[in-house]
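Below you'll find the structure, written out as structure tokens, and then a few comments.
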Amino acid sequence: HPMLALEHVGLRIGGARILHDVSLEVRTGEMLGVIGPNGAGKTTLFNVISGVMKPTEGVVALDGRDVTGEPIHRRAAAGLGRTFQTSSLFPALSVLENVRLAAQAHAGGATSVLRMPRRTDAATEAAFAALAEVGLADRADAEASGLAHGEKRKVEIAMLIAMNPKVVLLDEPMAGVASGDVPAITEVIRGLHRGGRTVLMVEHHMDVVLGLVDRVAVMHHGELLAADTPEAVMANPLVQSAYLGEAV
Ligand code: ADP
Ligand code: MG
Ligand code: MG
């Protein structure tokens, strides 16, 4: 079975059709880019996959199991991870403390920062391993508030890694990142993929998307227009017309 499957997923809010008949399979270890004009439903798709929103039609299956009705925390425990917004970093805490909180939350333990951890506890070890994976081990003791935007993005990805996900959803990981930091964050995302994780990434930087992904899914007006290799998607007339005259 695929790692993630959407079967005829639809979402209506009030009278508005936000998602319509989206069917998509993502295989284990695949990296899928999700593109589409602004308002196409990309973030909503991630909300439906992660459990922030429940679809009004269709099925979401994770690793062969129907999770359509399950709350966010059950899907997270089953291996579905999503990047935190920058605002979810505790600014007065260190990089290590922030990542350790994510590891503790995943382990289901108390998430107190008042309790001084031993260097040997499992959450601290998971946090150090995650920081090493994103290349921030030497910034473990830095206060989160003092980080550059690109470093904050890396900490968010480290928090995700500390929760040991099988599937990772990244919503515009390059948003707000200085262009000089884009290659480093691209490498971190490549590393997530090499680690065997299944990655879905909404991203507007097409050079980043095309340089990373196995397949590209194209959303437009809540529908999935195409899910194919980057070359096939770029040559698809439906995709080309979807972008004509629209701000991406
Ligand atoms: P994208 O991420 O592709 O830019 P979104 O998924 O954020 O698009 O939004 C898709 C459409 O759904 C937009 O028209 C947006 O206004 C609408 N939308 C998203 N969430 C809600 C909501 N909670 N209530 C009503 N409309 C929503
Ligand atoms: Mg948008
Ligand atoms: Mg969005």
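Any residue in region 38-61 that is in contact with a helix residue (DSSP H, G or I) (Cβ under 6 Å, 6 or more places away or on another chain), among the small types (Gly, Ala, Ser) and over 29 Å from LEU136 (Cα atoms)? Yes - at least one qualifying residue is present in region 38-61. Kindly indicate the residue of region 4-19 that is of a type in the set (Val, Ile, Thr) and surrounded by 20 or more Cβ atoms within 10 Å (Cβ to Cβ) and also nearest to LEU192 (Cα to Cα) among those meeting that condition. The residue in question is VAL9.
Those helices (runs of 4 or more DSSP H) of region 159-248 in which at least 1 residues are under 15 Å from the mean Cα position of the chain (by Cα), considering only elements entirely within it, cover 182-194, 206-212. Return the residue satisfying two criteria in turn: it lies in region 20-68 and is of a type in the set (S, T, N, Q), touching a residue at least 12 places away in the same chain (Cβ under 8 Å) and within 13 Å of ligand 1 (Cβ to nearest atom), and of such residues it is farthest from HIS193 (Cα to Cα). Of everything passing the filter in region 20-68, THR56 is farthest from HIS193 (Cα to Cα).
For region 35-57, the set of residues classified as within 20 Å of VAL167 (Cα to Cα) and either away from ligand 3 (no atom under 15 Å from the Cβ) or small (Gly, Ala, Ser) (or both) consists of GLY41, SER50, GLY51, LYS54, PRO55, listed by residue number. The lone criterion from (1) in contact with a Pro (Cβ under 7 Å, 6 or more places away or on another chain); (2) surrounded by fewer than 18 Cβ atoms within 10 Å (Cβ to Cβ) left unmet by GLU57 is number (1).
Within the option set LEU32, LEU24, LEU6, being touching a Leu at 6+ places or on another chain (Cβ under 6 Å) and within 16 Å of ligand 3 (Cβ to nearest atom) holds for one residue only, LEU32. Taking region 22-39 as the range and being over 18 Å from LEU210 (Cα atoms) and either aromatic (Phe, Trp, Tyr) or modelled with pLDDT of 95 or more (or both) as the test, the residues that pass are VAL22, SER23, LEU24, GLU25, ARG27, THR28. Number of residues in region 171-186 that are among the acidic types (Asp, Glu) and in contact (Cβ under 8 Å) with a residue 40 or more places away in the chain equals 1.
Residues considered: MET206, MET201. Of these, the only one that is within 16 Å of ligand 3 (Cβ to nearest atom) and surrounded by fewer than 19 Cβ atoms within 10 Å (Cβ to Cβ) is MET206.
Screening GLY222 against (1) out of contact with any His (no Cβ under 7 Å at 6 or more places or on another chain); (2) modelled with pLDDT of 95 or more; (3) surrounded by 15 or more Cβ atoms within 10 Å (Cβ to Cβ) leaves a single unmet condition, (1). Considering only residues that are among the basic types (Lys, Arg) and without any contact (Cβ under 8 Å) to a residue 60 or more places away in the chain, look in region 119-162 and name the one that is surrounded by the most Cβ atoms within 10 Å (Cβ to Cβ). Within region 119-162, the match that is surrounded by the most Cβ atoms within 10 Å (Cβ to Cβ) is LYS154.
The values are calculated or read from the model by the stated rules, or taken from the named source; none is laboratory data. Treat the numbers as computed from the prediction; the structure is a model and nothing was measured. A quick note on method: Cβ atoms are made from the backbone with ideal geometry, for glycine too, and the neighbour counts reach across all protein chains shown.
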